[in-house]
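First up is the structure itself, then whatever we jot down about it.
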Amino acid sequence: MIKLFVGGLADNIQEMDLAIFISLHGKIETIKIVRDRATGKCKGYAFIEVLNQSDASNIISMLNGETFKGNVITVKQSAEEAPKKVFKPKPSGSQPQKSKRPRMQR
């Protein structure tokens, strides 16, 4: 799957409106409009996933710089996500073990 970034969206955009607009130029697999948690308004950008590179190229070439709902939008291929940090516990020899104290009886 190829992930596309769509920026410059209006704050009142709906997923269906964006999906209809973009699907004229390629088949969309997923769509995610990024919204403010408190207000529910669009933060101005979304991510679209398409199945193949030809759909992605067509969407980018046809829609980048076009006007949608009164705003000029930017469409480009999303940069690959940075690898997530994996927790690696330190070897047991690096820190002295704490001795367990017996629990106090009440």
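Once the other residues with Cβ under 14 Å from the Cβ of Glu29 are scored (Lys, Arg +1; Asp, Glu -1), what is the net sum?
Summing Lys/Arg as +1 and Asp/Glu as -1 gives 0.
Can you bin every Cα-Cα distance in the stretch 2-77 into 10 Å intervals starting at zero and give me the percent of pairs per bin, rounded to whole numbers?
Values per bin, smallest distances first: 21, 59, 19, 2.
Out of residues 5 or more away from Phe68 or on other chains, whose amide H comes under 5 Å of its own, with H placed 1.01 Å from N in the peptide plane?
It is Ile73, by chain and number.
From the backbone phi of the stretch 10-22, what are the Karplus-calculated ³J(HN,Hα) couplings (6.51 cos²θ - 1.76 cosθ + 1.60, θ = phi - 60°) in whole Hz, Gly and Pro given as x?
3J(HN,Hα) across the stretch 10-22, in whole Hz: 5, 6, 10, 5, 10, 4, 5, 4, 5, 4, 5, 4, 7.
Amide H neighbours of Ile13 under 5 Å, counting only residues 5+ apart in sequence or on other chains, H built in-plane at 1.01 Å?
Cys42
Restricting to Cα pairs below 8 Å that are 6+ residues apart, what does the relative contact order work out to for the stretch 2-77? Please round to a whole percent. Don't skip to the answer; put the middle values down first.
Working: 144 pairs, mean separation 33.1, N = 76.
Relative contact order comes out at 44 percent.
What distance in nm separates the simple spin-label points at Ser57 and Ser78, each placed 7 Å from Cα in the Cβ direction?
Here the answer is 2.2 nm between the modelled labels.
Report, by chain and number, residues whose modeled amide H sits under 5 Å from the one on Leu4, excluding near sequence neighbours (fewer than 5 apart, same chain).
Counting only residues 5 or more places away or on other chains, the set is Ile48, Glu49, Val50, Ser78.
FYI, it's all coordinate maths here, none of it is from the lab. All figures in this text were calculated on a predicted structure; none of them were measured in a lab. Quick reminder, even Gly has a Cβ in these numbers, built from the backbone with ideal geometry, and neighbours come from all protein chains shown.
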